[in-house]
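Colleague: Sending over a structure as structure tokens; questions will come in a sec.
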Amino acid sequence: MVKEKDVKEKALELLSERGVTMDHLVELVQFLQQDYFPQLSVEDCIYNIDKVLNKREVQNTIITGIHLDLLAENNHLDEPLLSMVKRDEGLYGVDETMALSIINIYGSIGFTNYGYIDKVKPGILERLNDKSTGKVNTFLDDIVGAIAAAASSRLAHSKWGNQD
């Protein structure tokens, strides 16, 4: 039996190893919520991000997505999957589908948050999408955007008293 604590620790470790910090996630949540919560504190962002990261399905998505990126980065996937993941091919879509499992946790507002942040690619998302680094972040960029979108959705729900 896998211990809940071990899964979260592994997910956070993998994010860190890939260069994603809590500060990056906070920056994304602030970006998404600045027009709706002008006085939003870093502490409120961290609280809501942590609530999202505490969800087992989020942890599972982080671990699975990052491992798929690593497999592609090390050429350990068969063709044509290897090329599709390495190029982050537009019609592949499985990376976005995995991100949707995170977004769905806090309702439909997560879709608009995610769609916007995925299109604009602010902060860490721009770096994760830089193909010139040699790193494959096909799944990771969508997962990070989804975590920020879910935390933002949680904040929106909290404004109306509808938290989990």
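Colleague: Where in the stretch 78-126 are the helices (runs of 4 or more DSSP H), entirely inside, with at least 2 residues that are over 11 Å from GLY145 (Cβ atoms) and at pLDDT 95 or above? Break it down stepwise before answering.
Modeller: Working: elements: 81-87, 94-103, 109-120.
The qualifying helices (runs of 4 or more DSSP H) are 81-87, 94-103.
Yes/no per residue for (1) of a type outside the set (Phe, Trp, Tyr); (2) touching a Leu at 6+ places or on another chain (Cβ under 9 Å); (3) under 22 Å from TYR116 (Cβ atoms):
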site	(1), (2), (3)
LYS10	yes, no, no
LEU28	yes, yes, yes
PHE37	no, yes, yes
VAL42	yes, no, yes
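One line per residue, one yes/no per condition, for (1) at pLDDT 95 or above; (2) assigned to a helix (DSSP H, G or I); (3) farther than 23 Å from ASN104 by Cβ:
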{"position": "MET1", "(1), (2), (3)": "no, no, yes"}
{"position": "LEU14", "(1), (2), (3)": "yes, yes, no"}
{"position": "VAL29", "(1), (2), (3)": "yes, yes, no"}
{"position": "GLN59", "(1), (2), (3)": "yes, yes, no"}
{"position": "ILE62", "(1), (2), (3)": "yes, yes, no"}
{"position": "ILE66", "(1), (2), (3)": "yes, yes, no"}
{"position": "LEU70", "(1), (2), (3)": "yes, yes, yes"}
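Yes/no per residue for (1) closer than 26 Å to LEU155 by Cα; (2) touching a residue at least 24 places away in the same chain (Cβ under 8 Å):
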| position | (1), (2) |
| --- | --- |
| LEU40 | yes, yes |
| ASP50 | yes, no |
| THR61 | yes, yes |
| LEU68 | no, yes |
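Colleague: Within the stretch 62-107, track down each residue that is surrounded by fewer than 16 Cβ atoms within 10 Å (Cβ to Cβ), closer than 18 Å to LYS131 by Cα and among the small types (Gly, Ala, Ser).
Modeller: SER83, GLY90, GLY93
The values are calculated or read from the model by the stated rules, or taken from the named source; none is laboratory data. Keep in mind that what you see is a predicted model, and the values were worked out from it rather than measured. Reconstructed Cβ throughout: ideal geometry from the backbone, glycine too, with neighbour counts over all protein chains shown.
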